[in-house]
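Q: Handing you a structure now.
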Amino acid sequence: MGSERYLVAVIGAGPAGLFAARELALNGVHVVIFNRDIKPGGLAEYGIFPDKLKIKEGLRSQFRLVLALPGVDYYGNLAIGAKGSLRLDELKELGFQAVLVAAGAQGTKRLGLPGEDLKGVFHAKDLVFHYNRLPPFSQMGFEIGRRVAVVGVGNVALDIIR
């Protein structure tokens, strides 16, 4: 590497992007993290039920350690991509020698079931983002009836059932 310092853009500040940024920074690389959300953490921040304070604070403390490393810069609320504030080719033009895309759960998965798009049928991620106050989901209304069916029995499904 010599006296030249590498400059790497990391797109996404979920656990994968933050871990990669940490490893790069600890090896002398200057890392700039770009994140579409305001806060870092991805689903580790926005996907965990709000009252799970020990889990959230444990993860947040790890994220703060990464962001405090010398040679790590963070820019939140900035989308990268064809419809974003910057495109990947523009990052290269700005002098980044490498771009690591660590953008995870961007879309929702459909099951392909009849009625999946009817009023009152919600995707788990939309509800999770709503109760974690992530815009624009925090401003959306979710009318939930007295009788509810939940497809799935993972951690997120159990949080939604609560």
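The values are calculated or read from the model by the stated rules, or taken from the named source; none is laboratory data. What you are looking at is a predicted structure, and each value in this text was computed from that prediction instead of being measured. Note that we place each Cβ from the backbone using ideal geometry, even for glycine, and neighbour counts take in every protein chain shown. Surface accessibility is based on the protein's heavy atoms, side chains included, excluding ligands, DNA and RNA. Shrake-Rupley method; radii C 1.70, N 1.55, O 1.52, S 1.80 Å.
Q: Treating the beta-carbon of each Lys and Arg as +1 and of each Asp and Glu as -1, no other charges, what is the dipole magnitude of the chain about its Cα centre, to the nearest 20 debye?
A: On the way: 20 positive and 15 negative charges, 106 e Å.
Dipole about the Cα centre, nearest 20: 500 debye.
Q: Please compute the per residue accessible area over the chain with all protein chains in place, 1.4 Å probe, rounded to a whole number of Å². Walk me through the numbers on the way to the answer.
A: Working: 10480 Å² over 162 residues.
Computed with neighbouring chains in place, this is 65 Å² per residue.
Q: Just how large is the dipole of region 1-88 about the Cα centre, in debye to the nearest 20, putting +1 at every Lys and Arg Cβ and -1 at every Asp and Glu Cβ? Walk me through the intermediate numbers first.
A: On the way: 11 positive and 7 negative charges, 38 e Å.
With only Lys, Arg, Asp and Glu charged at Cβ, the dipole is about 180 debye.
Q: What net charge do the residues around Arg162 carry, taking every other residue with its C-beta under 14 Å from that of Arg162, with Lys and Arg at +1 and Asp and Glu at -1? Mind showing how you got there, number by number?
A: On the way: positive: Lys52; negative: Asp51, Asp159.
Computed value for this residue: -1.
Q: Give me the net charge for the shell around Ile11: Cβ to Cβ below 15 angstrom, other residues only, Lys and Arg +1, Asp and Glu -1. Provide the component values of the computation, followed by the final result.
A: Details: positive: Arg36, Lys83, Arg87, Lys92; negative: Asp37, Asp73, Asp89, Glu90.
Once positives and negatives cancel, what remains is 0.
Q: Quote to one decimal, in nm, the extra length available between Val148 and Asn77 on full extension: 0.36 nm per residue of separation minus the C-alpha distance between them. All intermediate terms of the calculation are to be shown ahead of the outcome.
A: Details: separation 71, 0.36 × 71 = 25.56 nm, distance 3.40 nm.
Using 0.36 nm per residue and subtracting the Cα-Cα distance, I get 22.2 nm.
Q: Separate question: Mind checking which of Ser61, Met140, Val31 is farthest towards the positive end of the chain's charge dipole, using Cβ charges of +1 (Lys, Arg) and -1 (Asp, Glu) about the Cα centre?
A: Met140
Q: Still on this model: Just want to confirm a number: the relative contact order over region 80-162, from Cα pairs under 8 angstrom separated by 6+ residues, in percent. All intermediate terms of the calculation are to be shown ahead of the outcome.
A: Numbers: 36 pairs, mean separation 13.8, N = 83.
It rounds to 17 percent for region 80-162.
Q: Okay, next question. Quick one: 3J(HN,Hα) in Hz for region 55-69, Karplus 6.51/-1.76/1.60 with θ = phi - 60°, rounded, Gly and Pro as x.
A: Here the 3J(HN,Hα) series is 5, 4, 5, x, 5, 4, 5, 5, 5, 4, 4, 5, 5, 8, 5 Hz.
Q: Also, quick follow-up: Taking 0.36 nm per residue of separation and subtracting the Cα-Cα distance, what length does fully extending Ile55 through Glu116 add?
A: Details: separation 61, 0.36 × 61 = 21.96 nm, distance 3.21 nm.
Answer, rounded to one decimal: 18.7 nm.
Q: Scan around Val10 for amide H atoms under 5 Å from its own, H built in the peptide plane at 1.01 Å from N, and keep only partners 5 or more places away or cross-chain.
A: When sequence neighbours closer than 5 places are left aside, the close amide H contacts are Val32, Ile33, Phe34, Leu100.
Q: Taking all protein chains as present, what is the carbon and sulfur share of the accessible area of the chain, in % to the nearest whole number, probe 1.4 Å? All intermediate terms of the calculation are to be shown ahead of the outcome.
A: Numbers: 6110 of 10480 Å².
Ligands and nucleic acids excluded, carbon and sulfur give 58 percent.
Q: Pairs of alpha-carbon atoms within less than 8 angstrom and 6+ residues apart define the contacts here; what relative contact order does region 10-162 have, in percent? Spell out each step's value before the answer.
A: Details: 188 pairs, mean separation 39.3, N = 153.
Relative contact order for region 10-162 comes out at 26 percent.
Q: Where Lys and Arg each count +1 and Asp and Glu each count -1, what net charge lies around Lys39 among other residues with Cβ under 9 Å from its Cβ? Please report the intermediate quantities before stating the final value.
A: Numbers: positive: Arg60; negative: Asp37, Glu45.
My count for the surroundings of Lys39 gives -1.
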